[in-house]
Amino acid sequence: MTSPACVVGVDLGGTKLLAGVVDARLNVHHRTQRTIAGLGQAALLDAVADAVTEVGDLSGIEPSAAGFGIPALIDRRTGTAAACVHLPLEGVAFGDLMAERLDLPCVVDNDANMAALAEHRFGAARGVAHAIVLTIGTGIGSGLILNGALYRGAIGAGGELGHMVVDADGPLCQGACPNRGCLEAVASGSALVREARREASSLPASALGQVLSAGREVSGPMVTELAHDGDVAAQRAIARIGSQLGAGLSSIANIFNPELIVIGGGVIAAGELLLTPAREELERRALAPNAELVRVVPAQFGAEAGMLGAATLAREELG
Ligand SMILES: [Zn+2]
């Protein structure tokens, strides 16, 4: 069965990929997930191409195009991945290569842009002309919707709000970023683990303190679970990164004057434990008209946001 309304969306994360056949109403007809951690470039490209072929075959639908969200800065002049921290894709003309291998029109963009597109077209930012979408996981990705369209900067490498400095003498940033005190360095899932270990040391009798003294590994999801169960140390760690996040949001509010800031990614599992201190800090720091206008809300889409956005881009640009 050929369905021009169906396209393939693929989200490439640092450790796994998610692919699905998606129709115009955002229904996913078949999806697959693969572990790609540690793969070399050739094996990685094979895994991506196989996943696209598999979801097409098993859904019984012949897709009309494919969209890919990859964790890289994309130079839109050449279509190549200009910088890619977690996967061996630097310098690869990813979209052209996949189009040739799959004999299918293909489009590629930054993964956080794809999550923002999904939230804008179908999710928490639907109908909003000026919205900023932050995806907070191990790092912080962001997508800018300005005047109803994705804003990518001069060559496509813009909108990296995770690398906005909020503490000039703060901790070193991650990956290839040479900076200190970026929002990502103080308000990401990695920062949450660092703050949690600090709180656990100062409150050894807390549940978090006992985890640390038992030699167990502290992870973001575990801290979030303990915080929801009422552990004070875990709640303090989340409140700390929430207020750091709010400092960054105040700059975002002042620079873009958005109506909405959407927070997604794994860290949003903390919900109001994260968002309340973030909103309070934003209100303390942003200029009055910007602080009064902007709303800060959780994302509608979870782990599938990037895949759904990649499919949306393929439909809008190629479908
Ligand atoms: Zn940085």
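Nothing in this text is a laboratory measurement; each read-out follows from the coordinates by a stated rule. Because the structure is a prediction, the values reported are computed rather than measured. We place every Cβ from the backbone using ideal geometry, glycine too, and count neighbours over all the protein chains shown.
Brief remarks follow.
- The stretch 165-247: GluC sites (Glu not before Pro) in DSSP loop, at most 10 other beta carbons within 10 Å: Glu217
- Sparsely packed trypsin sites (Lys or Arg not before Pro) within the stretch 192-247, loop by DSSP, other Cβ within 10 Å at most 14: Arg216
- For Lys16, nonlocal amide neighbours, meaning residues 5 or more places apart or on other chains whose placed amide H falls under 5 Å from its own, are Ile36.
- Ordering Met222, Met114 by the number of other Cβ atoms within 10 Å of each residue's own Cβ, fewest first, gives Met222, Met114.
- Helical runs assigned H by DSSP (4 residues or longer) give the chain a calculated mean residue ellipticity at 222 nm of -13000 deg cm²/dmol, each run adding -39500 (n - 2.57) before division by the residue total.
- Placing a label point 7 Å from the Cα of Glu225 along the Cα-to-Cβ direction, the residues of the stretch 266-298 whose backbone N falls under 20 Å of that point are 266-274.
- Rounded to the nearest 0.05, the FRET efficiency derived from the C-beta distance between Glu62 and Arg25 at R0 = 25 Å is 0.85.
- Relative contact order for the stretch 126-298, counting Cα pairs under 8 Å that sit 6 or more residues apart, in percent: 22
- Ranked for footprinting exposure by Cβ neighbours inside 10 Å, fewest first, Ser213, Ser251 give Ser213, Ser251.
- Exposure proxy for Thr135, Thr35, Thr78: other Cβ atoms within 10 Å of each Cβ, ordered fewest to most, give Thr35, Thr78, Thr135.
- At 0.890 mPa s and 25 °C, Stokes diffusion of the stretch 126-298 via Kirkwood alpha-carbon radius, µm² per second: 150
- Geometric extent, Cα atoms of the chain - Rg, Dmax (angstrom): 19.8, 62
- Theoretical FRET efficiency, 1/(1+(r/R0)^6), r = Cβ-Cβ of Asp75 and Thr32, R0 41 Å, to 0.05: 0.90
- Scattering profile of the stretch 194-274 at q = 0.12, 0.26 Å⁻¹ [log10 I(q)/I(0), Debye over alpha-carbon scatterers]: -0.38, -1.19
- Three semi-axes of the equivalent ellipsoid, the stretch 219-319, Cα gyration tensor, whole Å, largest first: 26, 22, 8
- Percentage relative contact order, the chain, counting C-alpha pairs under 8 Å, at least six apart: 20
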